[in-house]
Structures are given as structure tokens and as C-alpha cells.
Amino acid sequence: MHALGSGPVADVVGDVLYAALIYLLVAALLPRAPQIVPAAVAIVWCVAIEFFQLTGLPEQWGLAFRPAMLVFGTVFSPVDIACYVAGIVGVALCDAAVAHVRRAHAA
């Protein structure tokens with residue numbers, strides 16, 4: 001998917017943003033949950049998808065339908081897991097800071 005960028009920097013940024021997106025989707029579905037809940041769900045999802053890549057199915061699906069690569073990736077990389085954690089921790093901290101500011105202004 002060269003139109004979306006390629007190379008190691010693009011891979012890292014893509015992984016971080018993918019994980020942040022998963023966090024935000026879960027947080028939108030569970031708006032009253034503390035930040036640890038969407039963070040935990042997002043980490044479990046991202047790590048599960050990464051290990052699912054070991055089956056080879058995501059790569060096959062991506063070859064048949066290229067947009068599937070955006071959801072499932074293609075091949076396992078332990079570096080991706082670190083990127084996911086970094087993205088989720090970053091967005092969860094931002095979410096907690098925004099929630100703190102909102103509570104402070106509401107008081």
C-alpha cells in the first residue's frame with residue numbers, strides 16, 4: 001500500500017495510529033468507562049491481531065482484498081506490539097488529561 005507510505009517510519013506511525021484508533025473506538029462505545037478499560041481492550045485486540053498474523057490468513061486475505069491489510073496487517077512482528085502499547089498509552093494519557101480538565105471546569 002505505497003499510497004499510504006512505506007518504510008520503517010511509516011510502519012511505526014501506522015501501528016501507533018492503528019492502536020490509538022482502536023482505543024478511541026472502544027472509548028466511544030463505552031463513554032463512561034475509566035481509561036483503563038478501553039486501553040485494556042485495545043491492547044488485547046491489537047496483540048490478538050498481531051499473533052493471528054502467525055497463521056498466515058491475514059496475509060492471504062490482504063493479497064485477495066488489499067484493504068484487509070489495514071485491519072489485519074500481514075506478518076507478525078514483535079516491534080508492532082511495542083508500537084501498539086505506545087499508541088494506546090499515549091492516547092489513554094491524553095484522554096485522562098482531557099477528562100481531568102473537563103471535571104475541573106465543571107466544578
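Using C-alpha pairs below 8 Å separated by at least 6 residues, the relative contact order for the chain is 34 percent.
Using a Gaussian network model of the chain in which every pair of alpha carbons under 10 angstrom is joined by a spring, one finds that among Leu17, Leu63, Leu93 the greatest mean-square fluctuation is at Leu63. Among Val79, Tyr23, Val13, which residue has its Cα positioned farthest towards the positive end of the charge dipole of the chain, with +1 placed on the Cβ of Lys and Arg, -1 on the Cβ of Asp and Glu, and the dipole taken about the Cα centre? So the residue we want is Tyr23.
Our helix-only sum for the chain, with -39,500 (n - 2.57) per DSSP H run of n ≥ 4 divided by its residues, gives a mean residue ellipticity at 222 nm of -25000 deg cm²/dmol.
Its Cα centre serving as origin, the chain has a Cβ charge dipole (Lys and Arg +1, Asp and Glu -1) of approximately 460 debye. Protection proxy ranking, highest mean first, for peptides 75-82, 36-43: 36-43, 75-82, where packing is the per-residue count of other beta-carbon atoms within 10 Å, averaged. Taking a Cβ cut-off of under 11 Å around Val79, the surrounding Lys, Arg, Asp and Glu residues balance to a net charge of -4, with basic ones at +1 and acidic ones at -1. Its alpha carbons considered, the chain gives a radius of gyration followed by a Dmax of 15.5, 54 Å.
For His105, His100, the sequence from fewest to most other C-beta atoms within 10 Å is His105, His100.
Read-outs: derived from the displayed coordinates by stated rules, not from any lab. Given the structure is predicted, the values throughout are model-derived calculations rather than measurements. Please note: Cβ atoms are built from the backbone with ideal geometry, for glycine as well, and neighbour counts cover all protein chains shown.
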